[in-house]
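So the structure is just underneath, and the comments pick up after that.
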Amino acid sequence: MKTECDKLTEELAQNEDQNAKLRRKYQLVKQELEGKDKQISSEEDHFRRMEEAILQLRDQLHCLQTEQESILNMIGSEIDAACEILSRDSVEKFKAISLTPGVHNDPHRWLAETKTKLQWLCEEVRERESKEKDLRRYLLQSREQLKHLTLSKESERTSLFGQIEKQEKFLEEVHREKRDLLEKNLRREE
């Protein structure tokens, strides 16, 4: 019985030793699982925050796209209005072919059309500036000619007034001489 007791004691010690090893292993695995659980929970929180951030960014992107389309439509309308105004009295009327107004359908086509319109506007403005320069030059020449004509007419007028005064003096003198002669003739006859 003693041997059996010793055997059982030895088995008990081995079982306790194995039990302690298993407990340590259990604790390590438990800690590892808790760490992984925390990590998974943290990653899920991070993932949720990232999804929320992505949704916010998508909303912001949508708002910015809408705002951009609105701005580009407004710019397009202003350019079209400028083209319309300048083409009214332009020698070469602007003929823009716009099948699809707006940015929705084809932004590259819209950009190309807008670029063409802006080039036409620039050419039209340059042409008008050139005409304006020519008109200003013509106006200055006309003013100079008018100034010379005015001076010429003024000197001619002054000369004519001088001649008129001389003629008046001459007439007065002739008139005086005539009166004197008449008086002399009247005296003689008396």
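Please determine whether any residue of segment 71-86 is of a type in the set (S, T, N, Q), modelled with pLDDT of 85 or more and surrounded by 11 or more Cβ atoms within 10 Å (Cβ to Cβ). The answer is yes; a qualifying residue exists.
Just to be sure, is Leu139 surrounded by 10 or more Cβ atoms within 10 Å (Cβ to Cβ), over 30 Å from Leu86 (Cβ atoms) and either out of contact with any Leu (no Cβ under 8 Å at 6 or more places or on another chain) or touching a residue at least 60 places away in the same chain (Cβ under 8 Å) (or both)?
Answer is no for this residue.
Please enumerate the residues belonging to segment 142-190 that are surrounded by fewer than 10 Cβ atoms within 10 Å (Cβ to Cβ) and part of a helix (DSSP H, G or I). Show your work before the answer.
Taking segment 142-190 first, the residues surrounded by fewer than 10 Cβ atoms within 10 Å (Cβ to Cβ) are 186-190.
Result: Leu186, Arg187, Arg188, Glu189.
The values are calculated or read from the model by the stated rules, or taken from the named source; none is laboratory data. Not measured: the values here are computed from a predicted model. Note that we place each Cβ from the backbone using ideal geometry, even for glycine, and neighbour counts take in every protein chain shown.
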